[in-house]
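Just below is one structure, and these are the notes that go with it.
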Amino acid sequence: MVLAQPGRRDWVIFCGLLTATVFTTYLAGGWMFSISLLLILGSHEFGHYFASRKNRVRATLPYFIPAPPIFIAGTFGAFIRIQQQIPDRRVLMEIGAAGPVTGFVVAVPVLCVGLGLSEVTPGEAVGGISFGGSLILELMAEMVLGVSPSAEGLNIALHPVAFAGWIGMFVTALNLLPIGQLDGGHIMYALFPEKYNLLARVFYLLLFPLGYFWHGWWFWALMITLVGGLRPAPIWNPYIELEGRHRMLGGASIAIFILTFIPVPFSVL
């Protein structure tokens, strides 16, 4: 089966949403922030899109979602819509993992460059919002700046490019939660179909105690409930086993989740 190419209407919608999101992210953080963040988000979604086309699964072009600049980043992210049932767990793994793996590969150099442009100053930050640290941020700050983000008596003022990298890593971790229609849910179901229901319930329930430290986890739990709940993606043939390369993709995705997860993403100083 040969998939039809996107039509004029598809490209008009894509270009219109992208233009609007460029404008709102520019208002939120300037050109360098806007370009860096959209490069990460676009890489993530086009990873899904090209994996879908490779496997002859119909999918839309990425839909970027502009947001009022007051929402920190000026965007609510981006997504593609799969337009047919996925054939089997191999295809589910390829489509599910392609986004976060590609986005992570792009976010790493963005964060590295951004940290190189950031400033380290003595003294603790006072007032405003503190951004939580992940393992990847800790490792890269040590490598690029020679200091730990959690070091007492030091404050890292993130450059807009570094902030875009931080958001990219955070969005990657959110998408890799192994629940329902999220990328992580697709990956976990492809890897462990028999254990998926238990794992999804455990991670979903963990969002509620985490919500005491950052209320956003409660909102995220509500969104998961509204968008398909814990149900995995329907596939035609769940009995086709994964090949070694698919399991490597799954393992890489789990490693990326561990590196990028932030228990308390934001806190008020």
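The values are calculated or read from the model by the stated rules, or taken from the named source; none is laboratory data. Note that this is a predicted model, so its numbers are computed, not measured. We place every Cβ from the backbone using ideal geometry, glycine too, and count neighbours over all the protein chains shown.
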> If you go through region 55-65 one residue at a time, do you hit one that is assigned to a strand (DSSP E or B), in contact with a Phe, Trp or Tyr (Cβ under 7 Å, 6 or more places away or on another chain) and more than 27 Å from Arg247 (Cα to Cα)?
Replying inline: yes
> Looking at Met223, is it buried (at least 17 other Cβ atoms within 10 Å of the Cβ) and either within 17 Å of the chain's Cα centre (by Cα) or free of Cβ contacts under 8 Å to residues at least 60 places away in the same chain (or both)?
Replying inline: no
>> So, in region 1-34, how many residues would count as being assigned to a helix (DSSP H, G or I) and touching a helix residue (DSSP H, G or I) at 6+ places or on another chain (Cβ under 8 Å)?
In response: 10
>> Being β-branched (Val, Ile, Thr), farther than 20 Å from Phe261 by Cβ and at pLDDT 90 or above: is that true of Ile95 here?
In response: yes
> Residues in region 31-52: is at least one at pLDDT 95 or above, more than 18 Å from the chain's Cα centre (by Cα) and within 23 Å of Gly114 (Cα to Cα)?
Replying inline: yes
> Tell me, which residue of region 1-25 that is polar (S, T, N, Q) and surrounded by 10 or more Cβ atoms within 10 Å (Cβ to Cβ) is farthest from the chain's Cα centre (by Cα)?
Replying inline: Thr19
> Given (1) in contact (Cβ under 8 Å) with a residue 40 or more places away in the chain; (2) not in a helix (DSSP H, G or I), where does Thr172 come up short, assuming only one miss?
Replying inline: (2)
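When you go through Val101, Val12, Val57 one by one, which is the residue that is under 24 Å from Met140 (Cα atoms) and among the β-branched types (Val, Ile, Thr)?
Val101 is the lone residue from the list that is under 24 Å from Met140 (Cα atoms) and among the β-branched types (Val, Ile, Thr).
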>> Here are the criteria: (1) modelled with pLDDT under 95; (2) farther than 14 Å from Phe50 by Cα. Tell me which single one Ile80 does not satisfy.
In response: (2)
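Table: residues versus (1) under 27 Å from Ile136 (Cβ atoms); (2) in a helix (DSSP H, G or I); (3) not polar (S, T, N, Q).
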position: Leu177; (1), (2), (3): yes, no, yes
position: Met188; (1), (2), (3): yes, yes, yes
position: Phe213; (1), (2), (3): yes, no, yes
position: Leu222; (1), (2), (3): no, yes, yes
position: Pro232; (1), (2), (3): no, no, yes
> Would you call Arg8 in contact (Cβ under 8 Å) with a residue 24 or more places away in the chain and among the basic types (Lys, Arg)?
Replying inline: no
> Assuming Met248 fulfils every condition listed in (1) out of contact with any strand residue (DSSP E or B) (no Cβ under 6 Å at 6 or more places or on another chain); (2) surrounded by 14 or more Cβ atoms within 10 Å (Cβ to Cβ); (3) modelled with pLDDT of 90 or more apart from one, which condition is it?
Replying inline: (2)
>> Can you pull out every residue in region 178-220 that is surrounded by 15 or more Cβ atoms within 10 Å (Cβ to Cβ), farther than 20 Å from Ile86 by Cα and touching a strand residue (DSSP E or B) at 6+ places or on another chain (Cβ under 9 Å)?
In response: Trp214, Gly216
